[in-house]
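Everything on this sheet refers to the single structure shown next.
No lab work stands behind these numbers, since they all come straight from the coordinates. The structure presented is a predicted model; accordingly, all values stated were derived computationally and were not measured. Cβ sites come from the backbone with ideal geometry, for glycine too, and all protein chains shown count toward neighbours.
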Amino acid sequence: MNDFTTLYGRPPLVTVSAPGRVNLIGEHTDYNGGFVLPVPLPQMTTVDLTPRQDDRVIVQTVARDGTVQQCEYRLAEETRQGDWSDYVQGVTSLVRASGYRLQGFEARIESSVPMGSGLSSSAALEVALLRALREGFGLELDDLTIAKLGQQVENQFVGANVGIMDQVASSIGKPDMALFLDTRDLTWRHIPIPAAIELTVIHSGVTHSNVGGHYSQRRAQCTEACQRLGISELRELTAADLHRIDSLPDPLNRRARHVITENDRVLAMVAAMERNDAPTMGRLCHESHRSMRDDFETTVPEVDLLVDLLRFEPSVFGARMTGGGFGGSVVALAERGRGHLVAKKVMRRYAEQSGRQPVLILPQ
């Protein structure tokens, strides 16, 4: 056994969890001040924690195959290692830098959110650990502050220049509800998922990372587009301003076009959800995926194949890549009660054509 009591010889003081998320629509808009529409997943990251009387931190993580990994360090000596422990050390470093008092602690982390799936396993870890520290040490951290700290961990310690959507979805989202978030002013409201729709999420088997590489390049391209246009964020532009991006060189024009049109698609998706218009929701998913494939260029052939297989199923309203891209998962809007059957059928065909082994995330 590798439960907390077996690992540390005493029971945990607190046990808390935080979910991964699937994004219905609104990709690469959060770091451009735009709109997003994520949904929390039933897959969770759970943290057991007990404070110590010194400044030592001992954290063990349990992989799905039962493998145990450990990191150990002293507070104020956090050092980036380039592995999972960076998220733990980043949390304690940023909490202390924000003026909160911590002692050492022992913790155990276990997660059912697949890593590299585009479903925010890192945000779930950050939010779960911050919740555990809040309870274990009586820290005055509200849910939005936890989300902000989680993003700072990624940006300032881990080195992933992500927006704030994932952490807000994990910290504030409600089960079976979409979170309509304006990332410019951090206002939000919960939107019920229409009863006719069953979310279907499949991991392509191609993992991704938001640290460095293509993700950072896309963000830098958006920044350059803003500089050339004389604006601070692409959020400032709407569909009526699309003519302005004609002056941008390729691919900056296409990157800006994706963000501008994706913001409009999020607003249209919210309106469609509120009137229970599943066909329009599906059409918006298709348009979003084409934009990510052609304008933002964040898809890979395996993800495109999976989306194509799903979108031509009669009981699927629409499908698209979800998450930062370059691998990860797809989300489909299936008819209620048909998601599991459709997913299994499509997954067999996908495995045959791609040679990849997909994983069903939803429905469970």
Q. What's the angle, to the nearest 10 degrees (0 to 90), between helix 252-274's Cα axis and the longest principal axis of the chain?
A. 90 degrees
Q: Report the charge-dipole magnitude of the chain in Debye, nearest 20, computed about the Cα centre from +1 at each Lys and Arg Cβ and -1 at each Asp and Glu Cβ.
A: 480 debye
Q: Report the paramagnetic label zone for residue 68: residues of the range 1-28 whose backbone N is under 13 Å from a point 7 Å from Cα along the Cα-to-Cβ axis.
A: 1-10
Q | Contact order normalised by residue count of the chain, Cα under 8 Å, 6+ apart, percent | A | 20 percent
Q) Which order do peptides 300-306, 321-327 fall in by mean Cβ count within 10 Å, highest first? A) 321-327, 300-306
Q) Any idea what the relative contact order of the range 4-190 is, in percent, if you count C-alpha pairs under 8 Å spaced at least 6 apart? A) 30 percent
Q) In which sequence would 226, 285 go, from the one with the fewest C-beta neighbours within 10 Å to the one with the most? A) 226, 285
Q) Considering only 171, 132, 306, whose Cα is most displaced toward the positive end of the charge dipole of the chain, charges sitting on Cβ of Lys, Arg (+1) and Asp, Glu (-1)? A) 306
**Q.** Additional length obtainable on full extension of the chain from residue 233 to residue 115, 0.36 nm per residue less Cα span
**A.** 39.5 nm
**Q.** Listed values [x] -0.60, -0.98, -1.17; [y] -0.30, -0.88, -1.27; [z] -0.35, -0.92, -1.30, entry calculated as log10 I(q)/I(0) by the Debye sum over Cα atoms at q = 0.07, 0.12, 0.15 Å⁻¹
**A.** [y]
Q. Which of 281, 230, 249 sits closest to the plus end of the dipole of the range 211-294, meaning its Cα is farthest towards the positive end, when Lys and Arg get +1 and Asp and Glu get -1 on the C-beta?
A. 249
Q: Name the long-range amide H neighbours of residue 178: under 5 Å, sequence gap of 5 or more, or other chain; modelled H, no Pro or chain starts.
A: 191, 193
Q | Nearest 10 degrees, 0 to 90: helix 85-97 Cα axis against the chain principal axis | A | 80 degrees
